[in-house]
1. Give the span of the chain's Cα atoms along each principal axis, as three whole-Å numbers ordered largest to smallest.
2. Relative to the Cα centre, what is the charge dipole magnitude of the chain, using +1 at the beta carbon of each Lys and Arg, -1 at the beta carbon of each Asp and Glu, and rounding to the nearest 20 debye?
3. For the range 27-83, what does the relative contact order come out to in percent, with C-alpha contacts under 8 Å and a separation of six or more?
4. Compute the signed sum of charges (Lys and Arg +1, Asp and Glu -1) over the other residues within less than 12 Å, Cβ to Cβ, of Arg130.
5. P(r) for the range 71-136: what percent of alpha-carbon pairs falls in each 10 Å bin, starting at zero?
6. Under the rule that an exposed site lies in a DSSP loop and has at most 11 other Cβ atoms within 10 Å, name the longest stretch of the chain with no trypsin sites (Lys or Arg not before Pro) of that kind, not counting the sites themselves.
7. Counting alpha carbon pairs within less than 8 Å and at least 6 residues apart, what relative contact order, in whole percent, applies to the range 123-171?
8. Largest first and to the nearest Å, give the Cα extent of the range 101-171 along each principal axis.
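Readers should treat all values here as calculations from the given coordinates under stated rules, not as data from a laboratory. Source: prediction; values computed, not measured. As a convention, Cβ positions derive from the backbone with ideal geometry for all residues, glycine included, and neighbour counts pool all protein chains shown.
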Amino acid sequence: MMKTTMSGEHIVLKDWRRRNPVAQSTDACRGKMGFNFGRHAWEVIWEGPLGTVAVVGIATKDAPLQCQGYVGLLGADNQSWGWNLVDNHLLHNGDTQGHYPLLNNCPKYQVGERIRVILDCEDNTLSFERNYEFLGVAFKGLPNKRLYPTVSAVYGNTEVSMVYLGPPVDG
């Protein structure tokens, strides 16, 4: 599992996967390894309730990791990009960037499903897979900066795992 170097103040680092229940706050957890070249994949498994906002994606080291209120912290500024698993919206720069994935009658994420995140630093894109089904490119034109695997959560005692897989296998 991916270790963290930074986390919101309500993330338990001893048992780093779990968020403490704190009312009216949102926390993010950023992976220790960042990437600015090559292609990389990691898996995210949300093992507890999603709450009203549960976001998976990437962030630079300058993105905030804690804020007041229940918000999509990952994607709340120009330093992070995320997919809100609760309402299937892409988030960046404080705005919804559209519905994702672009499938007819796309089902909502179910707790325990495997999300694979694919960061392509050569093409500057971020894509996702759900249960080994490729969902398409979510973000294009990512900056040539070091980008870190990140999740943000609002629900207390939710558990999230991030596991680095290496270069993605195409096909």
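1. So the three principal-axis extents are 41, 35, 28 Å.
2. 380 debye
3. 39 percent
4. Residues close to Arg130 contribute a combined charge of -1.
5. 20, 53, 27, 1
6. Of all site-free stretches, the longest is 15-107.
7. About 26 percent, as a whole number.
8. So the three principal-axis extents are 35, 29, 21 Å.
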